[in-house]
Structures are given as C-alpha cells and as structure tokens.
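Have a look at the structure below before the remarks.
The values are calculated or read from the model by the stated rules, or taken from the named source; none is laboratory data. Since this is a predicted model, take the numbers as computed values, not measurements. Cβ coordinates were reconstructed from backbone atoms using ideal geometry, including for glycine residues, and neighbour counts include every protein chain displayed. SASA here: full protein model, heavy atoms, side chains in, ligands and nucleic acids out. Shrake-Rupley method; radii C 1.70, N 1.55, O 1.52, S 1.80 Å.
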Amino acid sequence: MNRWIARRLLLGLAQTAGVVLLVFALTEALPGDAAVALAGDDPDPARIAAIREALHLDRPAHERLADWAAGLLHGDLGVSLASGRPVTDALAAGSGPTLLLAALTLVPLVPLGVGLGVLAARHEGGPVDRAVSAVTLAVYAMPEFALGILLVTVLALRLDWLPPTAVGYGTDLLAHPAVLVLPVLVLLSRPVCSLGRLVRAGMTEALASPYVAQARRYGVPGARVRWAHALPNAVAPAAQQLARTADWLLCGVVVVEALFAIPGLGTVLVDAVAARDVPVVQGLAVVFGLVAVVLNLGADLVARRFAPRAGVAA
C-alpha cells in the first residue's frame with residue numbers, strides 16, 4: 001500500500017509539471033498580443049514596445065517560463081496585466097462564491113446519488129428501477145443552460161418564488177439563500193443522475209455476486225447485505241465520479257455562473273480571456289489543474305481502500 005501511494009504521489013508530481021508546461025504552451029499559442037490589447041483602441045508603436053518591455057513580454061519564452069515556474073514554487077501566480085494586482089487577489093475574489101456553490105452541491109449529492117442507486121438496485125427490473133433510470137437519463141441528457149433557463153422561466157419569472165439571478169446581491173450570497181436555490185438545483189441535477197446510475201450498476205453487480213448469496217444463506221438481514229457488503233464494492237467508481245464532479249464544481253462552472261450572474265472563478269476566467277490577461281488565465285489554469293490532480297489522487301485512495309483488487313486510477 002505504501003509503495004502504491006508513493007507511486008501515485010510521483011505520478012501526481014509528474015502530472016503537475018505537465019500541467020504547468022501545457023498551460024504555458026497553450027497561453028503562448030493564444031492569438032493576439034497582450035501589449036496591443038492593453039495599449040488601447042489606437043495603439044502607438046512606441047507605447048506597445050514600452051508595455052512589452054515593462055511586462056517582460058520581449059524576453060524569450062523559455063526565460064519567462066523559468067521565471068514563472070520559479071514563482072509558482074513560492075506561491076506567486078504572477079501579476080494581472082489588466083489591474084496590476086496579484087493573480088492571487090483575483091483568485092481570492094472569485095473563490096468565495098464558487099466554493100459556496102460547490103459545498104452546497106456536494107452536501108446533498110452523496111446521500112441523494114447513493115440513495116437513488118441503492119433504491120434502483122434493490123428493485124432491479126421493476127417499476128421503481130425503470131422509473132429511476134428513465135428520470136435520471138432524461139435529466140442527465142438536458143444541458144445545464146437549458147435546465148437553468150427552464151427553472152428561471154417557471155420558478156422565477158412565472159411563479160415569482162425565487163430571484164432569477166444574483167444581480168444586486170453582491171458577493172455575500174450566503175446572506176441571501178434564495179439566490180442560491182436555482183444555481184444549486186442546476187449544478188446538482190446531472191451529478192446526482194450520473195452518481196446514482198454508477199451506484200446502481202455497482203450495486204446490481206455486487207448483489208449478484210457469490211459472497212452476497214452466501215451471506216443471505218447465512219441469514220444476514222437484507223439491509224445489512226446491501227449497505228455493509230454490496231455498497232462498499234460500488235464505492236470505487238462512485239468515488240472517482242465524485243472526484244470529477246468536485247473538480248468540475250471547484251474549477252468554476254462557467255455556464256451556470258454566467259447564467260445566474262454569480263461572480264465566481266468561472267466568471268473571473270471568462271473576463272481574463274476577454275481582456276487577454278494572460279497571467280490570470282495561466283494562474284487559474286494551474287490552480288484548476290492542481291485541484292484535479294489532488295482530487296483524483298484522493299479518489300484513487302478511496303477506491304484502493306474499498307476495492308484493493310481493482311487497481312484503477314481516476
């Protein structure tokens with residue numbers, strides 16, 4: 001187990017280095033020139049040259065990569081070209097709403113997804129199983145923006161039960177919980193369906209296994225068979241799906257944040273791309289990559305703990 005953890009940590013470090021190189025290469029390949037964008041609508045060649053020199057854009061790419069990587073090792077994500085403030089300030093400004101949405105989505109996700117999967121597996125092939133499968137498939141097939149527009153139209157505009165967007169409520173969304181209901185419903189819809197279907201598939205396979213049949217022959221109660229014997233074997237794929245969902249939530253859900261006007265990390269990233277603010281784009285991309293590596297490592301540890309023979313990696 002220790003050797004496996006060491007190998008996964010080394011793989012995580014290699015993935016992190018790959019993320020840094022890939023992010024730098026992709027941002028270097030972006031069309032346009034940041035100095036021209038910052039110079040205004042009628043740029044002067046001398047002003048463009050001065051901006052490039054002040055921002056060190058006239059230096060070779062390998063030198064800028066070395067300086068940027070060295071700064072990352074010390075927690076320095078760079079300085080925004082648009083505002084002149086550290087990239088960490090932009091990250092801190094957008095992380096609050098994104099973390100709040102992620103937490104409010106993940107808390108009910110696990111019990112709802114696992115409960116749906118166990119319910120469907122318990123009634124495999126019956127009306128309950130078919131109903132759960134049909135509803136989860138239909139909801140999963142609906143894009144977030146379409147579901148969001150539908151909920152806004154019905155619950156906010158026609159019934160006037162909830163606010164349609166977060167405009168006018170600032171960044172302290174927790175003080176206005178009604179604003180969070182529609183975004184959380186949209187964010188929760190597809191992950192619950194995918195998690196429930198994965199748990200259902202794993203539970204169905206586990207309930208048909210020989211050790212479950214043996215436990216039933218020994219008179220073990222049905223609830224204990226499902227929750228103590230079958231469910232742990234369905235946890236491995238569910239944990240990996242949960243890691244991907246958490247990664248998706250923490251890395252800024254651009255569509256949902258744009259639809260409900262929530263000033264989270266997705267909005268910060270969109271604004272940075274529109275302004276050609278390369279350091280902010282690079283910094284956020286690296287943070288998103290690190291979050292993905294850490295969450296996948298955690299999912300691998302959970303899967304290894306509950307299904308040591310699976311040998312899977314998220």
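With N counted as the residues of the chain, its alpha-carbon radius of gyration over 2.2 N^0.38 Å works out to 1.22. The value of relative contact order for the chain, using C-alpha pairs under 8 Å at least six residues apart, is 25 percent. To the nearest 0.05, what FRET efficiency results for Ala228 and Arg85 with a Förster distance of 35 Å applied to their C-beta separation? After rounding, the FRET efficiency stands at 0.10. Charges were assigned to the Cβ only: +1 to each Lys and Arg, -1 to each Asp and Glu. The resulting dipole of the chain about its Cα centre is roughly 2180 debye.
Think of a 1.4 Å ball rolled over the protein heavy atoms: the stretch 96-262 then has 49 Å² of accessible area per residue.
Think of the stretch 96-262 as a dipole: +1 on every Lys or Arg Cβ, -1 on every Asp or Glu Cβ, centred on the Cα centre; then among Gly219, Val114, Leu157, Gly219 lies furthest on the positive end. Ordering of 184-197, 4-17, 75-88 by packing is 184-197, 75-88, 4-17, highest average first (other Cβ atoms within 10 Å, averaged per residue). For the stretch 73-179, the residue among Leu77, Gly126, Ala175 whose Cα projects farthest onto the positive side of the dipole built from Cβ charges is Gly126.
What is the sum of charges, Lys and Arg at +1 and Asp and Glu at -1, for the other residues whose Cβ falls under 12 Å from the Cβ of Val186?
It works out to a net charge of -1.
Counting only protein heavy atoms, what percent of the accessible surface of the stretch 96-262 is carbon or sulfur at a 1.4 Å probe? On the stretch 96-262, the fraction of accessible area on carbon and sulfur atoms equals 69 percent. If you take the Cα centroid of the stretch 117-143 and the Cα centroid of the stretch 159-231, the two points sit 12 Å apart.
In order along the stretch 6-21, the Karplus-derived 3J(HN,Hα) couplings, from 6.51 cos²θ - 1.76 cosθ + 1.60 at θ = phi - 60°, round to 4, 5, 5, 5, 5, 5, x, 5, 5, 5, 4, 4, x, 4, 4, 5 Hz, and Gly and Pro are given as x. Helix 231-250 axis versus longest C-alpha principal axis of the chain: approximately 20°, rounded to the nearest ten. List the residues whose amide H sits under 5 Å from the amide H of Val79, counting only those 5 or more places along or on another chain, with H placed 1.01 Å from N in the peptide plane. Result for Val79 returns Val87.
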